[in-house]
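Derivation of every value follows stated rules applied to the coordinates shown; laboratory data play no part. Bear in mind the structure is a predicted one, so any value in this text is a computation, not a measurement. Positions of Cβ are backbone-derived with ideal geometry, glycine not excepted, and every protein chain shown enters the neighbour counts.
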Amino acid sequence: MNIMGVLDERAVTTSLKAQASKEEIIRELVQLLVRAGCVKEKDVNKLVQILLKRESLGSTGIGQGVAIPHGKSDCVNKLVAAFGISQSGISFDALDGELVHLFFLLVAPEDSAGPHLKALARISRLLKDRHFREVLQAAKDEKTLVHIIREEDERRH
């Protein structure tokens, strides 16, 4: 599973603006998918609600400054991802209670199981590497961020 296979370069940002809530950050990540042409603007509210419903089952803040909000929706016809960095960090009910800086959003079609779970496993494995997290967080712009992810994908393929 190659992350750049599901992550559109246009759905990446080094400067998430949300400060206050899970809904705010999830909405901003979904807007990245809209910008990349992966989700229609008319589906934003529906998708945000699906992702918040998943969060209500248990936080996707896996710790070490990382959250991987995810869900399934008929708003997409293939697995898509967005990635954003919050420089200040956001309270996301992470398992370790720490602020979250790195957000990887995954949205899969309703009938998808395999690729969705493989992507979750791959992303969480990569983001367990402290050095990789630090390099991501230090990226000065989106182009650098995509380059870092692409290199790590190839290195660990």
**Asked** What nm value, rounded to one decimal, do you get for the distance between Asn2 and Gln87 when each label is placed 7 Å out toward the C-beta?
**Response** 3.2 nm
**Request:** With runs of 4+ DSSP H residues as the only contributors, calculate the mean residue ellipticity of the chain at 222 nm using -39,500 (n - 2.57) per run, divided by the residue total and rounded to the nearest 500.
**Result:** -13000 deg cm²/dmol
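Could you put Ile26, Ile3 in order, starting from the residue whose Cβ has the fewest other Cβ atoms within 10 Å? Write out the running numbers ahead of the final one.
Numbers: Ile26 26, Ile3 18.
Exposure proxy ranking, most exposed first: Ile3, Ile26.
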**Fill in**
With the 8 Å Cα cutoff and a minimum separation of six or more residues, the chain has a relative contact order in percent of 28 percent
**Asked** What order do you get for His147, His157 when you list them from fewest to most C-beta neighbours inside 10 Å?
**Response** His157, His147
**Prompt:** Taking Lys118 as the anchor, which lysines have their alpha carbon closer than 22 Å to its alpha carbon, excluding any fewer than eight residues away along the same chain?
**Reply:** Lys53, Lys72, Lys78, Lys128
**Request:** About the Cα centre of the chain, how large is the charge dipole given +1 on each Lys and Arg Cβ and -1 on each Asp and Glu Cβ? Please answer in debye to the nearest 20.
**Result:** 180 debye
**Chain lengthening between Arg10 and Glu24 when straightened (0.36 nm per residue, less Cα-Cα)** = 3.1 nm
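Set the Förster distance to 35 Å, then compute FRET efficiency between Glu154 and Lys46 from the Cβ-Cβ distance, nearest 0.05.
E between Glu154 and Lys46, to the nearest 0.05, is 0.50.
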